[in-house]
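A.B. asks: Mind having a look at this structure? Questions to follow.
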Amino acid sequence: MSYTNDATNAALEIKCAGCGAILHYAPGTGRLQCTYCGTENAIDSKPADGTRIDYNNFCHQYDGISVTDTKPQSVKCGTCGASSQLDAGITSDVCPFCATPLMLALAADSRLLRPHAVLPFQLAHKEAKDALTRWVGERWFAPGDLKATVTGQANRLRGCYYPHWLFDTDTTTRYKGERGDYYYTTETYTTVENGQQLTKTRQVRHTRWSSASGTVRNVFVNLLVSASATLDEELSQKLDPWDFPSLTAFDERFLSGFRSETFQVTHTKAFGTAKGYTEATILSAVQGDIGGDEQRVHSLDTRYFNTALAYVLLPVWMCTYKHGGKTYRVAVNARTGEVIGTRPYSAGKIFLFVLVLLALAAGIWYWASVWQNTSQTGY
Ligand SMILES: [Zn+2]
Ligand SMILES: [Zn+2]
């Protein structure tokens, strides 16, 4: 089985019982809503925090899982009848002509792995717009027209569920290194003061190094790695933290009216990235275990076990805007309202600021010298 075009919205029970229109998921409500007649349907969602799949079993089951199998899909809008193309890896979106939700069925196919959990949209479009407007208003050294440019694009904020892998893992690390302990000796030295040679003493610090080895254990939960081709890992990390205790068992209906992507980064590649995120914690655990005043670490051998994963969708309002011929991107965490974005700087404003700083420094220097002269002349 694979993606089918007749995603049968009816089968997903997202048709309005009142008027037959396709229902949208209404952020923050846990309900589907009809934009035409106002009918609402609650989604009987179940909590999913703690839903984790054993990593080794998962690897075994999805051995050779490929991200290249997804193809663009043509979908016919049930409301206006227009056909539109969903890019490869896109599993839901809205009709570009009438904004009716378009959804593909996530078949029980390894290539189109059904997410284990989702954080449903909490911020509605208007709240995301407000967060964006506040954000641009708080930027320092922004070009004068930036606020107008960004707020002008705020209506084009697009709600998207981005795929992520979430890992829990335990580690044991065997290490070899050296422990450095400080000790002090008294040293005699000669110096010249006021033309006289003097003999003085001083304390000198030394480090005594001794070899050290041992094993440390660490526990990691909720190591997050982006599985999206369009939400890069750096931006994903900046959008963290997420309220993972609110993770909800996956239900297609939360996707209705939003764009969603299937994973483009495999779980094995993502686990490699997640291992990287454990390194700093492991190193500091090793340094703590070695003790002493300084540590040298020569080798680390880490084993990962009890590894478990969850494939989750996280909600982001995304907006791109152009300024001075460049494209910038702003993302709003649709759970917390945190805004992360790139923006242009005004060279003119920065130049002025530097001028003001220089003027202040010159002023301080001038008054300091006047004060010094005054006190020297005895007034
Ligand atoms: Zn209706
Ligand atoms: Zn349509």
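The values are calculated or read from the model by the stated rules, or taken from the named source; none is laboratory data. Predicted model, so just to flag it, every value in this text is computed and none were measured. Heads up, the Cβs are rebuilt from the backbone with ideal geometry, glycines too, and the neighbour counts pull from every protein chain shown. These accessible areas exclude ligands, DNA and RNA; they are computed on the full protein's heavy atoms, side chains included. Shrake-Rupley method; radii C 1.70, N 1.55, O 1.52, S 1.80 Å.
A.B. asks: Pairs Lys238/Lys275; Lys147/Lys349; Lys71/Lys238; Lys176/Lys269; Lys126/Lys238: which exceed 20 Å Cα-Cα?
C.D. replies: Lys71/Lys238; Lys176/Lys269; Lys126/Lys238
A.B. asks: Next up: Where a ≥ b ≥ c are the square roots of the eigenvalues of the C-alpha gyration tensor, would you call the chain rounded, which needs a/c under 1.5, or, failing that, prolate if a/b is larger than b/c, or oblate?
C.D. replies: Taking the square roots of the gyration eigenvalues as a ≥ b ≥ c, the chain is oblate.
A.B. asks: Counting Lys and Arg as +1 and Asp and Glu as -1, what is the net charge of the other residues whose Cβ lies under 14 Å from the Cβ of Tyr184?
C.D. replies: Charge balance in the 14 Å sphere: 0.
A.B. asks: Given points 7 Å out from each Cα along the Cα-Cβ axis, report the Tyr183 to Phe141 separation in nanometres with one decimal.
C.D. replies: Reported label-point gap for Tyr183 and Phe141 is 5.2 nm.
A.B. asks: Provide, in order from the shortest bin, the percent of all Cα-Cα pairs of the stretch 303-362 in each 10 Å bin, continuing until the bin that contains the maximum pair distance.
C.D. replies: Spelled out bin by bin, the stretch 303-362 gives 17, 23, 22, 21, 10, 7, 0 percent.
A.B. asks: How big is the antiparallel share of DSSP beta bridges in the chain, given as a percent to the nearest 5?
C.D. replies: That works out to approximately 95 percent antiparallel.
A.B. asks: Would you mind putting 145-155, 178-188, 257-267 in packing order, based on average other-beta-carbon counts within 10 Å, highest first?
C.D. replies: Highest mean packing first, the order is 257-267, 145-155, 178-188.
A.B. asks: Still on this structure, please answer the following. Is the shape of the stretch 98-215 rounded, prolate or oblate, going by the alpha carbon gyration tensor and its root eigenvalues a ≥ b ≥ c, with a/c under 1.5 for rounded and a/b larger than b/c for prolate?
C.D. replies: oblate
A.B. asks: Among the aspartates and glutamates, select those whose C-alpha is under 18 Å from the C-alpha of Lys322, and discard any that sit fewer than 8 residues away in the same chain.
C.D. replies: Asp145
A.B. asks: By the gyration tensor of its Cα atoms, with a ≥ b ≥ c the square roots of the eigenvalues, what is the shape of the stretch 147-291: rounded for a/c under 1.5, prolate for a/b over b/c, or oblate?
C.D. replies: oblate
A.B. asks: For the chain, set up a Gaussian network in which alpha carbons nearer than 10 Å are linked by springs, and say which option among Leu309, Leu223, Leu360 fluctuates the most.
C.D. replies: Leu360
A.B. asks: Would you compute, from DSSP H runs of 4+ residues alone, the mean residue ellipticity of the chain at 222 nm, taking -39500 (n - 2.57) per run and dividing by the full residue count, rounded to the nearest 500?
C.D. replies: -7500 deg cm²/dmol
A.B. asks: Quick one: what are the phi-derived ³J(HN,Hα) couplings along the stretch 81-91, Karplus 6.51/-1.76/1.60 with θ = phi - 60°, whole Hz, x for glycine and proline?
C.D. replies: After applying 6.51 cos²θ - 1.76 cosθ + 1.60, I find x, 6, 8, 9, 9, 9, 4, 4, x, 9, 10 Hz.
A.B. asks: Same structure again: Once phi is turned into ³J(HN,Hα) by the Karplus curve 6.51 cos²θ - 1.76 cosθ + 1.60 with θ = phi - 60°, what whole-Hz value does each residue of the stretch 203-210 show in order, with x for glycine and proline?
C.D. replies: 8, 10, 8, 10, 10, 9, 9, 9
A.B. asks: Same structure again: Based on the Kirkwood radius over alpha-carbon pairs, what value in µm²/s does the Stokes-Einstein equation return for the translational diffusion coefficient of the stretch 182-257 at 37 °C and 0.692 mPa s?
C.D. replies: The Stokes-Einstein estimate is 161 µm²/s.
A.B. asks: By the scheme Lys and Arg +1, Asp and Glu -1, what is the net charge of all other residues having a beta-carbon under 10 Å from that of Pro143?
C.D. replies: Taking every Cβ under 10 Å from that of Pro143, the sum is +3.
A.B. asks: Setting aside same-chain residues fewer than 8 positions from Lys46, which lysines have a Cα under 24 Å from its Cα?
C.D. replies: Lys15
A.B. asks: Once the other residues with Cβ under 13 Å from the Cβ of Val316 are scored (Lys, Arg +1; Asp, Glu -1), what is the net sum?
C.D. replies: +1
A.B. asks: Related question: How large is the accessible surface per residue of the chain, computed with a 1.4 Å probe and reported in Å² as a whole number?
C.D. replies: Accessible area per residue, the chain: 54 Å².
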